Each structure stands twice: as C-alpha cells, then as structure tokens.
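The structure appears right after this line, and notes come after that.
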Amino acid sequence: MSDARSNLPRNRDSMKWGVHAPDVLPLWVADLDLAPPDFVKEGLHRLIDGDDLGYTNIPPDFRKSVASWYQRRHHAHVTEEMVVALPGVVPGIYAFFLALGERGKNFLTHTPVYPYFLNGGRTAAMACVQVPLKCDDRLYAIDFDAMEKAATPDTRALLLCNPHNPSGRNFGLEELSRVLEFAKRRNLMVCSDEIWADWLLDGKPFIPFFELGDEAARRTVVLGAATKTFNIPGLTAAWAIIPNAELREKFRQTILGLLPSANYLGLRATTWVQEQGEAWFDSARRLVIENRRFAEGFIADRFPQVAVTRSEATYLMWLDFRETPFAKQPAGELLRRARVALSEGALFGAGGEGFARINLGTSRETLADALERIAKALHGA
Ligand SMILES: Cc1ncc(COP(=O)(O)O)c(C=O)c1O
C-alpha cells in the first residue's frame, strides 16, 4: 500500500501522543498521525531480522540518494561529497555554531520561530538577536529594515528557517536574494534549516539557499532530513549540505566523536523513502491540503475571531488568538478547557505571544473533534 493512512491507534508512546493524559487530543509537536510507508516497515524488519545492529556504516547510496532527491524535487545541484550525515537537524544547528560561529558574538533569526533556534548559539555562547517578521494581510514576510536595525558589529551569522516554522512561508527568490546580499555585506555565515522543504502546499517552487549562486554556496550550511517528509523522526537521521569544502571539513571535524553518528536504520530508511516514497508523500500532502481547507472553513464559520495565517508550506497552522479571551496563553487555556494540546506561541520568541500552532497532519476525525472542542471552549469563555 503506497497511500498514507491516518487511522493509527491512539495509545502510542512516542512524544506526540505519549506526553498528555489520554483524554487530550495532541496537535502540537510536528509529527504526523500517518503510518509510515509499508516498505519502510518491511525494510526495518529485514534489518532487525538480519541481526546487524553494529556501529553505523554510512550506506554507500545515502549521499547519492540525497543528491538525487534534491535534483528531482527541487532542481538543485548537490554532489555526493557535499552531503554530511547527521543524527538530526537540531544537532546540526548546534554543530554549525560550534564549528563555524564565533564565541561571544551574536546571530540573527526571524521570529516567531521553531523554539530550538532561540538557543541555537549556546554551543558557542552566541547571543540570539530576534528579528520579528512582518505580517501583512495574514502573510508573513522578512522585515529588512528590522534586520538592518538589529544587526550589530558583533553579528556573525544568520539562522534561517525556510520553509518557515511556524508561519508556513516559503521565502521566494527576491527575499532570499536580499538575505544573501545582507549576509555578504556583513560577512555573515548562514545556516539554513530546510527540513520543511518538501512540504510545499501550492505550486511555488522551493529554493535551497546554496542555489542562489557561488556567494551563497561559499558561506552556507543547509540542513535537511527526510524525517518530516515521511514521518520517521524517531529514526534520527538527517544531513548537512555544505558546498564549501573548507567549511565542510571544519564541520566534520567538530562533530566527530561529539555527535552520535546518524542512526543506521534511519539512514537506510531515508534512502528507501527517497527512492520509493513519492506516491506516499503525494497522498500525505493531499490529506494535509484538504485538512487545511477544512480547518480554514471551520474557523471562519465557528470562531472567526481567530485569524488564520496564510501558509505556503508545512503541515502547521499558525493561529492568532489575540482577539479572544485566551489571548494571554491560548494553548494553555485550550489544554485546560478543551483538552486539546497545541504549541504555545510565546515559546516561538518575539511576535509569538497570543498565537498558537496547530498540527494539521492528523485524521479528519481528530482534526474535526479538536476544532469542535476549541469552538466550544471559546464560546463558553
Ligand atoms: C524547523 C525545524 N527544524 C528542525 C526540526 C527537528 O529536527 P530533528 O528532529 O531532525 O532534530 C523541526 C521539527 O519540528 C523543525 O520544525
């Protein structure tokens, strides 16, 4: 069966369903309530039955598979030697600062943003300078004036998230080119977390940062993984793409012995999904697009005082509760009153207060149940 299925049991132990009480509907952490492709499960069974659980040997086809995926999905040029295997994207962020940051200086990031970004520089004692995105007509965009104001003589790096979690923006050529011009003018290193690159919800293409040309390739570490695309985050495998050989060597030397190697099962699964997973992903994407349409309609109809951010990518929806009685702590209130777990906006840094993030990657039944509970809680408040 190559279609994504969303009829998973609820008594799962992994983080999304395992953390809260059984009566809570968890639509918080970014994994999907979809069974991974059958061929992944079969492949993992084969590996385990083969009793081969020794130290990781990077599978010879892993780098080739990542390069080919970029070529096919994003028309991007990646060579095998640019690819470094990692146990996760977040460890890759920490490694970027340790290897290529500068102690005691600072980096910029666009908020609200995936909470790990705010602490990303701690491995090099680098301070995070939060630059709020601007939002026009419910669509977020980079505020270049704010970037100019926020940068200091101590700024050394930019930590980008593209497509952007939680806003769902897929930054386009013009914005990315201006980011590159900014980075070049101030001689900044760029770490671009592109874990959401495959989750495009409309026809707009995705541009990996290194594809902007030689100047970008010289100063950029791109991080990615197949774990969000194919719902296998527990298998902990990811990659860095570092076109500049000198930076790549520094990065590689830094992680050696410090980060655990990527999980062998995860690396093998990455290759399988990239080779055989397109049909599964297309059906998962369709489900999310339909859920997004359903949620937008439901909210407009039942609780229009909550504004829905317009998204281009990801399976996340960023909801503005500032005009509701729950403005102070929307996710906290909804957990207490509706038994629905969302992600609290304030955790995403400046500009996140009064917002909450909902994960649309679930069955229609669960989503409808959660939205109904939220509607009742808002009406009863
Ligand atoms: C932007 C972003 N980066 C990284 C991660 C997690 O990456 P990993 O599990 O590979 O550390 C997430 C998970 O939601 C994410 O949204």
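With K and R counted +1 and D and E -1, the other residues having a Cβ less than 14 Å from that of residue 339 yield a net charge of +1.
With the Cα gyration tensor of the chain giving a ≥ b ≥ c as the square roots of its eigenvalues, does the rule (a/c under 1.5 for rounded; else a/b larger than b/c for prolate; else oblate) give rounded, prolate or oblate? Oblate is the answer for the chain, as a/c is 1.5 or above yet b/c matches or exceeds a/b.
A simple count of charges around residue 353, restricted to other residues whose Cβ falls under 14 Å of its Cβ and scoring Lys, Arg +1 and Asp, Glu -1, yields -1.
First check a/c for segment 162-243, with a ≥ b ≥ c the square roots of the eigenvalues of its C-alpha gyration tensor; if it is under 1.5, answer rounded, and if not, answer prolate when a/b is larger than b/c or oblate otherwise. Taking the square roots of the gyration eigenvalues as a ≥ b ≥ c, segment 162-243 is oblate.
What does the helix-only formula give at 222 nm for the chain: each DSSP H stretch with n ≥ 4 adding -39500 (n - 2.57), the total divided by the residues, and the result rounded to the nearest 500 deg cm²/dmol?
-12000 deg cm²/dmol
Distance from the C-alpha centroid of segment 280-341 to that of segment 197-214: 25 Å, rounded to the whole angstrom.
Mean separation of Cα pairs under 8 Å and 6 or more residues apart, divided by the residue count, gives segment 153-305 a relative contact order of 17 percent. Couplings 3J(HN,Hα) for segment 170-180, derived from phi with the Karplus relation 6.51 cos²θ - 1.76 cosθ + 1.60 (θ = phi - 60°), are 10, 4, x, 4, 5, 5, 5, 5, 5, 4, 5 Hz, where x marks Gly and Pro. Between amide H atoms placed 1.01 Å from N, distances below 5 Å from residue 4 occur with 283, 284, all of them 5 or more places distant or on a separate chain. Note on 114, 70, 264: ascending count of other Cβ atoms within 10 Å places them as 264, 70, 114, the fewest first. DSSP bridge analysis restricted to the chain gives an antiparallel fraction near 50%, rounded to the nearest 5. Using a Gaussian network model of the chain with C-alpha springs under 10 Å, which one of 336, 63, 364 is most mobile by mean-square fluctuation? Highest fluctuation of the listed residues: 336. Among 131, 222, 89, the order by Cβ neighbours within 10 angstrom, fewest to most, reads 89, 131, 222. Computed on segment 45-276, with alpha-carbon pairs under 8 angstrom and 6+ residues apart, the relative contact order is 26 percent. Under 5 Å between amide hydrogens, built in the peptide plane, is the criterion, and for residue 192 it picks out 160, 221, 222, 223 among residues at least 5 positions away or on other chains. Listed values for segment 355-371 are Karplus-derived 3J(HN,Hα) couplings in whole Hz (6.51 cos²θ - 1.76 cosθ + 1.60, θ = phi - 60°), namely 10, 9, 10, 10, 9, 8, x, 9, 6, 4, 4, 5, 5, 5, 4, 4, 5, and x replaces Gly and Pro.
The phi-based Karplus calculation (6.51 cos²θ - 1.76 cosθ + 1.60; θ = phi - 60°) puts the 3J(HN,Hα) values of segment 42-54 at 5, x, 5, 4, 4, 5, 5, 5, x, 6, 10, 10, x Hz, whole numbers, x for Gly and Pro.
Scanning residues 5 or more positions from residue 111 or on other chains, those with amide H under 5 Å from its amide H are 131, 133, with H placed 1.01 Å from N in the peptide plane.
Within the listed set 270, 309, 56, the Gaussian network model of the chain (springs between alpha-carbon atoms below 10 Å) gives the highest mean-square fluctuation for 56.
The numbers here are math on the coordinates, done by the rules we state, and not lab data. As the structure is a prediction and not an experimental result, all values here were calculated from the model. With ideal geometry, Cβ positions are generated from the backbone for all residues, glycine too; neighbour counts draw on all protein chains shown.
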